[in-house]
1. Across region 158-191, what is the number of residues that are in contact with a strand residue (DSSP E or B) (Cβ under 7 Å, 6 or more places away or on another chain) and surrounded by 17 or more Cβ atoms within 10 Å (Cβ to Cβ)?
2. Any idea which residue in region 26-83 is farthest from Val142 (Cα to Cα), counting only those that are assigned to a loop (DSSP other than H, G, I, E, B) and β-branched (Val, Ile, Thr)?
3. Hey, can you tell me all the residues within region 1-45 that are within 17 Å of Ile79 (Cα to Cα) and either polar (S, T, N, Q) or in contact with a His (Cβ under 9 Å, 6 or more places away or on another chain) (or both)?
4. Which condition number does Ala125 fail, the rest of (1) more than 24 Å from Ala80 (Cβ to Cβ); (2) in contact with a helix residue (DSSP H, G or I) (Cβ under 9 Å, 6 or more places away or on another chain) being met?
5. Within region 98-157, restricting attention to residues that are among the hydroxyl-bearing types (Ser, Thr, Tyr) and part of a helix (DSSP H, G or I), which residue is surrounded by the fewest Cβ atoms within 10 Å (Cβ to Cβ)?
6. Condition test on Val106, is it closer than 24 Å to Gly153 by Cβ, at pLDDT 95 or above and among the aliphatic types (A, V, I, L, M)?
7. Only residues that are buried (at least 17 other Cβ atoms within 10 Å of the Cβ) and farther than 11 Å from Gly135 by Cα: list them for region 23-37, please.
Amino acid sequence: MHPIPLTPADALIIVDLQNDFLPGGSLGVPLGDEVVAPIQQLIDLYQAHGLPIVASRDWHPEGHCSFTAQGGPWPIHCIAGSHGAAFSSAIPLEQLAIVISKATTVEVDAYSAFNGTDLAAQLRARGVTRVAVCGLATDYCVLNTARDALGEGFATLLVLDAIRAVDVQPGDGARAIALLQAAGAQPVHVAQMGQLSDIAEAV
């Protein structure tokens, strides 16, 4: 694996590391808790470099259109202000990251952190040209966030050891990774990500 040096134009996007998407939550991703340690490593790295860190979250009102009672595909999850909507207690993302709330109205769902938010504008305002995407779940919100990042013109790293899939249909996660790679995302592992010396040389 070749190293991926970071530069001042890099940012980290952590997708939906929320209690309801972790094992035991109302929409828990199998093995979802396995992303916590590698995401912490990424946070430490980006913090050391002084680079932007973004954390997206589902922040649904009661009766959201994605819920089965309203004809949607999912059980009730991530009700704004609830324990299920809170970030994992393992990482204090509200203190560490720029928080992007999505799907905040009853009638609109949003898998992507870019959908209906000002995330692209916030990143551009900070001079970001490349993002690394991690979090939950590979085949839904990670897929759509990374795809929209590419569509917004950001070079996109997909951190394979910091994502996990729902796999409603077996292989959905692998197919999502293949789709993103075909669209131009670069699959990487945490161990490849640049050290402080790399960014110092890039400045």
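1. Residues meeting the conditions: 10.
2. Residue satisfying both the conditions and the ranking: Ile76.
3. Gln18, Asn19, Asp20, Phe21, Gly25, Ser26, Leu27, listed by residue number.
4. Exception for Ala125: condition (2).
5. Among residues in region 98-157 that are among the hydroxyl-bearing types (Ser, Thr, Tyr) and part of a helix (DSSP H, G or I), the one surrounded by the fewest Cβ atoms within 10 Å (Cβ to Cβ) is Tyr140.
6. Spelling it out, it is not the case that Val106 is closer than 24 Å to Gly153 by Cβ, at pLDDT 95 or above and among the aliphatic types (A, V, I, L, M).
7. Of everything in region 23-37, those that are buried (at least 17 other Cβ atoms within 10 Å of the Cβ) and farther than 11 Å from Gly135 by Cα turn out to be Gly25, Leu27, Gly28.
The values are calculated or read from the model by the stated rules, or taken from the named source; none is laboratory data. Note that the structure is a prediction, hence the values are computed from the model and not measured. Note: ideal-geometry Cβ built from the backbone for every residue, glycine included; neighbour counts use all protein chains shown.
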